[in-house]
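Down below is the structure, laid out as structure tokens.
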Amino acid sequence: MSHSFLKESKLYIVYGGNKYRIYTTTAISFSQAFAEDSYPVKTLHDQSKMFKGTTITKANPASFSFETPLTAEKDESIVISLLTGVSTNDLVPSFDMYVQTGSSTFKIEGCVITSGNIAFNPKEQFKVAVEGQGSKLTRAGNESYTIPGSAQSESATRTPLLVYPHVVLGSLSMLSIIGVTVSIQNNIDWTPFETLQDSLAVTNSSNAMYPSAYTVTERVVSGAITQYQTDNNITQFDDFSTSSNLIIKAKLGSNNTDFWQIQLNPVMFTSRMEVAEVYIQSYDFRSLDNTALATRITTYS
């Protein structure tokens with residue numbers, strides 16, 4: 001008997017006939033649950049049945065999440081592409097995800113990344129945390145299962161990075177930055193997939209009804225910027241705008257070069273002051289134009 005350990009897990013993304021190995025932290029999870037429909041069984045002639053009956057014919061969308069460092073080699077750039085769209089006309093593409101352990105290979109088909117969070121923290125590795133949903137979770141095979149797709153070449157090394165944020169927000173003074181977060185939210189609705197005819201044929205999980213099609217209802221790009229209050233920016237503590245240009249860069253501390261950059265124009269923001277031992281100013285922002293988001297990331301590929 002062998003157990004499956006999380007630290008042994010290998011994650012693969014299959015998209016467009018290509019297979020990508022994604023190196024993650026230990027923050028990886030996935031699951032799927034079946035939906036229960038209950039109904040009363042107590043009748044006028046039999047009042048003793050105080051419980052409810054149940055039918056299970058369909059599954060809820062599968063869910064997954066993982067976290068991957070954005071390395072100097074950029075082997076994980078496919079994750080950013082699937083989050084933001086691989087082209088101007090491909091808003092939220094779907095893909096298959098495989099997780100291989102020491103004893104099993106699990107498959108989630110029809111995956112969609114619903115959110116991605118990127119934090120700029122000089123004390124931690126530069127990484128992206130994503131969450132998503134898929135149509136069906138199955139056990140594809142054992143640990144020797146051959147994952148389909150043309151394997152993409154991997155770099156010989158993986159170099160994690162420490163970056164610091166550089167921010168341009170309109171004409172404001174954006175020095176003394178403490179931290180920056182960027183969140184990309186893809187809101188989707190799964191197309192109704194339950195039919196009476198199919199539900200009558202369900203006998204077990206193998207022929208249950210699973211979601212298969214989705215529509216994108218909204219995309220939200222937002223985040224927060226935090227800076228120390230100084231004599232250079234003290235007048236910015238109570239401000240707002242609905243038409244500003246925002247540029248956020250991840251710069252390498254070793255040589256001050258740009259590693260990752262996103263430009264959002266226009267954005268709205270509101271600023272507020274936080275009173276603590278050191279006075280801090282926080283800016284909450286949201287993009288007002290999220291079309292062709294992939295083209296807004298102008299440095300990183």
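The values are calculated or read from the model by the stated rules, or taken from the named source; none is laboratory data. The shown structure was predicted, so the numbers you read here are calculated from the model rather than taken from an experiment. Positions of Cβ are backbone-derived with ideal geometry, glycine not excepted, and every protein chain shown enters the neighbour counts.
Just checking, how many residues over the range 213-248 are crowded, with 19+ Cβ neighbours inside 10 Å and in contact with a Pro (Cβ under 7 Å, 6 or more places away or on another chain)?
Summing the residues that are crowded, with 19+ Cβ neighbours inside 10 Å and in contact with a Pro (Cβ under 7 Å, 6 or more places away or on another chain) in the range 213-248 gives 2.
Could you grab me the full set of residues in the range 85-102 that are modelled with pLDDT of 90 or more and either crowded, with 22+ Cβ neighbours inside 10 Å or in a strand (DSSP E or B) (or both)?
Matches in the range 85-102: Phe95, Asp96, Met97, Tyr98, Val99, Gln100.
For a quick check of your reading of the model, give me the residue pairs whose first member lies in the range 212-235 and is part of a strand (DSSP E or B), whose second is surrounded by 13 or more Cβ atoms within 10 Å (Cβ to Cβ) and of a type in the set (Lys, Arg), with beta-carbon atoms closer than 6 Å and at least 6 apart or on different chains.
Ser222/Arg286
Would you please name the residue that is farthest from Ala72 (Cα to Cα), looking only at residues in the range 235-269 that are more than 25 Å from the chain's Cα centre (by Cα) and of a type in the set (Val, Ile, Thr)?
Thr235
So the check is Cβ under 7 Å with 6+ separation or different chains; which pairs have a first residue in the range 269-283 that's at pLDDT below 95 and a second one that's surrounded by fewer than 13 Cβ atoms within 10 Å (Cβ to Cβ) and among the hydroxyl-bearing types (Ser, Thr, Tyr)?
none
Would you mind telling me which numbered condition in (1) over 19 Å from Ser176 (Cβ atoms); (2) touching a strand residue (DSSP E or B) at 6+ places or on another chain (Cβ under 7 Å) Ile247 fails?
(1)
Restricting the search to the range 119-134, which residues are under 15 Å from the mean Cα position of the chain (by Cα) and within 22 Å of Tyr12 (Cβ to Cβ)?
Lys127, Val128, Ala129, Val130, Glu131, Gly132, Gln133, Gly134
For the condition modelled with pLDDT under 90 and either closer than 25 Å to Leu293 by Cα or not polar (S, T, N, Q) (or both), what is the one hit in Phe193, Phe240?
Of the residues listed, the single one that is modelled with pLDDT under 90 and either closer than 25 Å to Leu293 by Cα or not polar (S, T, N, Q) (or both) is Phe193.
When the range 167-191 is examined, which residues are found to be over 23 Å from the mean Cα position of the chain (by Cα) and not hydrophobic (A, V, I, L, M, F, W, C)?
Gly170, Ser171, Ser173, Ser176
Is one or more of the residues making up the range 28-50 part of a strand (DSSP E or B), at pLDDT below 95 and of a type in the set (Val, Ile, Thr)?
The answer is yes; a qualifying residue exists.
Gly85 passes all but one of (1) among the small types (Gly, Ala, Ser); (2) farther than 30 Å from Ser287 by Cβ; (3) touching a helix residue (DSSP H, G or I) at 6+ places or on another chain (Cβ under 7 Å); which number fails?
It fails just one condition, (2).
Step by step: first the residues of the range 6-36, then only those that are β-branched (Val, Ile, Thr) and under 20 Å from Phe126 (Cα atoms), then the one that is surrounded by the fewest Cβ atoms within 10 Å (Cβ to Cβ). Which residue is that?
Per the criteria, the residue is Thr26.
What strands (runs of 3 or more DSSP E) lie completely within the range 104-179 and have 1 or more residues being over 26 Å from Gly85 (Cβ atoms) and charged (D, E, K, R)? Give the steps one after another, and end with the answer.
On the way: elements: 105-120, 127-134, 136-141, 163-169.
Qualifying strands (runs of 3 or more DSSP E): 136-141.
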